[in-house]
1. What are the pairs with Cβ atoms under 7 angstrom where one residue, in segment 57-73, is farther than 13 Å from residue 144 by Cβ and assigned to a helix (DSSP H, G or I) and the other, located anywhere, is at pLDDT below 90 and charged (D, E, K, R)? Sequence gap at least six, or different chains.
2. Just need a number here: residues in segment 42-66 that are charged (D, E, K, R) and at pLDDT 75 or above.
3. Going by the structure shown, is residue 142 open to solvent by 40 Å² or more (accessible area, probe 1.4 Å) and at pLDDT 90 or above?
4. Pairs only if they're at least six apart or on different chains, beta carbon under 7 angstrom, first in segment 82-107 and of a type in the set (Phe, Trp, Tyr), second assigned to a helix (DSSP H, G or I); list them, first residue then second.
5. Filter segment 91-109 for residues that are under 18 Å from residue 56 (Cβ atoms) and open to solvent by less than 60 Å² (accessible area, probe 1.4 Å) and give the result.
6. Among the listed residues 112, 121, 88, identify the single one that is small (Gly, Ala, Ser), part of a helix (DSSP H, G or I) and open to solvent by 50 Å² or more (accessible area, probe 1.4 Å).
7. Return yes or no: is residue 137 surrounded by 14 or more Cβ atoms within 10 Å (Cβ to Cβ), in contact with a Leu (Cβ under 9 Å, 6 or more places away or on another chain) and of a type in the set (Asp, Glu)?
Amino acid sequence: MRRAVLPLAVALATTLVAAGCSEPGDDYCATLGDEKATLDRLSQRADDPGSGALSESIDVFERLRDASPEDIRDEWTTYVIAWQGLEAALERAGVDAGVFEDGTQPEGVGDAEYDAVRDAADKMRSRPVVDAAVGIEQHASDVCGVDLGDTGL
């Protein structure tokens, strides 16, 4: 893998909450705002081995999915499932995401575990997950007034 994908997720989630939501009373927008401090903190720790940032980020994504309205719920579900798959593959391999940054098989990681992590990372870049991220971005812009155009998604 070229780079660990956790920083991308944290960047997306941080950007999602970077601006206030325009619809008063919107629980989803309120949840986005409430998660901002957590996502900022996680983005600072994303590259620190053993920081738990991946697991904590997934917790945030799950809360955002659970707060999301029906029209964006499928996108959040797709996004969360992809991250959960990556986390599970890394746990089975017994390593942090950072050890895969250069794309070589880390010492002590078996072929099956290595392949599972690569497959999970590939899924993160798959059309359904990318489309889900784009849908989340569009919804955040349209409903919450959050411009995610500069996130590189």
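1. Hits for this filter: 60/35; 63/35.
2. 6
3. no
4. Every condition considered, the pairs that remain are 83/9; 83/58; 83/61; 100/117.
5. Passing the criteria: 95, 97, 98.
6. One residue alone meets the criteria, 112.
7. yes
The values are calculated or read from the model by the stated rules, or taken from the named source; none is laboratory data. Values in this document were obtained by computation on a predicted structure and should not be read as measured data. Note: ideal-geometry Cβ built from the backbone for every residue, glycine included; neighbour counts use all protein chains shown. Just so you know, the surface numbers come from the protein's heavy atoms only, side chains and all, with ligands and any DNA or RNA stripped out. Shrake-Rupley method; radii C 1.70, N 1.55, O 1.52, S 1.80 Å.
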